[in-house]
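Q: Got a structure for you, written out below as structure tokens; questions coming shortly.
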Amino acid sequence: MGAPTGDAMRFDTAAIHAGQDPEALYGSVNVPIYQTSTYAQDAVGEPKVWDYGRGGNPTRRALEEALAALEGGEHAFAYASGLGAETSLLLTLRPGDHVVLGDDVYGGTYRLLTKVLEPWGLACTTADLADPAALGAALRGETRFVWVETPSNPLLKIVDIAAVAEAAHAAGAKVVVDNTFATPALQRPLVLGADAVVHSVTKYLGGHSDLLGGAIVTSDAALAEALGFLVYAIGAVPGPMDCFLALRGVKTLGVRMRQHCANAGSVAAFLADHPKVNQVYHPGLASHPGHDVAARQMEGFGGMVSFTVGSAEEAIRVAEATRVFLLAESLGGVESLIEVPHPMTHASVAGSPLEVPPELIRLSVGLEDPQDLIDDLARALG
């Protein structure tokens, strides 16, 4: 997973330079914010590159080139949010098509498929994608996508991407991996056989909790052509300021992810030994059922930790008692966040096969001193 990326540049170098050459007119080291909605044309019907901002923007193009290089893909598309990216990808399908969805995915993804696109005609089945037999049973002749999150949200399940890709491709389906939790700094699904990668750029790629964004990366030419059409036809595109902020975040992705991993490992080890904690979910723990697969396909175990306490009421009490961990949804920023998924990020899957335990707490472990984070949790747990 440590192979050179983009013109033989290694990851940290590509994160700073891919798609981000100094600006030609003045030599600006940072890609400028091209704050424009339209472009002057040389003649009627002869734009220089784009005719309208929905079709493209130089700041957006730079972000797309950077993300393609980091994921090892040939094509990347940026969107106004992670769900905007997912919607665009799913709209390459047609009524009657079928999606196999991991049984522990982001609640918004499940809501999009079941509440928005199933009435439109898509079919969706959830399955434990870490279980080859469960995947085999879920695949149908009309299955077009197998949708993987690894590590998953919020139970941090690990799925063997290469094994799923082999099974899905044998059945004529493509594999989509939501790589938001791992990022290409830790895991590159396209190298492992996936056909497309989706991201909530809002999270680790942006890294500073100050933007909304999404992305799709693929090397599938036909899929890229369909997505390119939908970019213009649907218009779920990000503004240039968000693209500029995402590029700023991407430059430090490698170093940030290394610290996120180290801090999360320390927090997970502390929680695993705490008498008021019933179970800890973190793939870096040897007790995690996906630990060996994660060690094989990832370069680090990520910055997310989930754990359970004695009751739903206790989970809420702990989440409201921290001082360094901020009570907030989202994840992947430099600051540490704490939330209770059942009534917060995963409220939309209550009563469904994806319902999460009400006593579950999810942590996005930030870049603070790890001892301050441990002390904060120790105080909150009591």
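The values are calculated or read from the model by the stated rules, or taken from the named source; none is laboratory data. As the structure is a computational prediction, the values presented were derived from the model and not from experiment. Note: ideal-geometry Cβ built from the backbone for every residue, glycine included; neighbour counts use all protein chains shown.
Q: For region 286-303, name all the residues that are part of a loop (DSSP other than H, G, I, E, B) and buried (at least 18 other Cβ atoms within 10 Å of the Cβ).
A: HIS288, GLY290, MET298, GLU299, GLY300, PHE301, GLY302, GLY303, listed by residue number.
Q: Please work out if GLY136 is surrounded by fewer than 22 Cβ atoms within 10 Å (Cβ to Cβ), in contact with a Pro (Cβ under 7 Å, 6 or more places away or on another chain) and over 19 Å from SER352 (Cβ atoms).
A: no
Yes/no per residue for (1) surrounded by 22 or more Cβ atoms within 10 Å (Cβ to Cβ); (2) among the hydrophobic types (A, V, I, L, M, F, W, C); (3) in a helix (DSSP H, G or I):
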| residue | (1), (2), (3) |
| --- | --- |
| VAL217 | yes, yes, no |
| ALA222 | no, yes, yes |
| PRO238 | yes, no, no |
| MET241 | no, yes, yes |
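Q: Additional query: What number of residues within region 4-19 satisfy the criterion of being closer than 15 Å to LEU63 by Cα, outside any helix (DSSP H, G or I) and at pLDDT 70 or above?
A: Count: 2.
Q: A further question follows. Out of the residues in region 271-285 that are under 19 Å from the mean Cα position of the chain (by Cα) and farther than 17 Å from ALA319 by Cα, which is surrounded by the fewest Cβ atoms within 10 Å (Cβ to Cβ)?
A: Among those residues, the one meeting the criterion is GLY284.
Q: Right, another one. Before we move on, is SER200 touching an Asp or Glu at 6+ places or on another chain (Cβ under 7 Å), in contact (Cβ under 8 Å) with a residue 12 or more places away in the chain and among the hydroxyl-bearing types (Ser, Thr, Tyr)?
A: Answer is no for this residue.
Q: All but one of (1) free of Cβ contacts under 8 Å to residues at least 12 places away in the same chain; (2) more than 27 Å from LEU101 (Cβ to Cβ) hold for ALA233; which doesn't?
A: Exception for ALA233: condition (2).
Q: Next question, about the same structure. Within region 72-112, work out how many residues are closer than 19 Å to PHE181 by Cα, among the polar types (S, T, N, Q) and surrounded by 21 or more Cβ atoms within 10 Å (Cβ to Cβ).
A: Residues flagged as closer than 19 Å to PHE181 by Cα, among the polar types (S, T, N, Q) and surrounded by 21 or more Cβ atoms within 10 Å (Cβ to Cβ) within region 72-112 amount to 1.
Q: Filter region 149-182 down to the residues that are surrounded by 24 or more Cβ atoms within 10 Å (Cβ to Cβ), out of contact with any helix residue (DSSP H, G or I) (no Cβ under 6 Å at 6 or more places or on another chain) and either outside any loop (DSSP other than H, G, I, E, B) or without any contact (Cβ under 8 Å) to a residue 12 or more places away in the chain (or both) and list them by number.
A: GLU149, VAL164, ALA168, VAL176, ASP178
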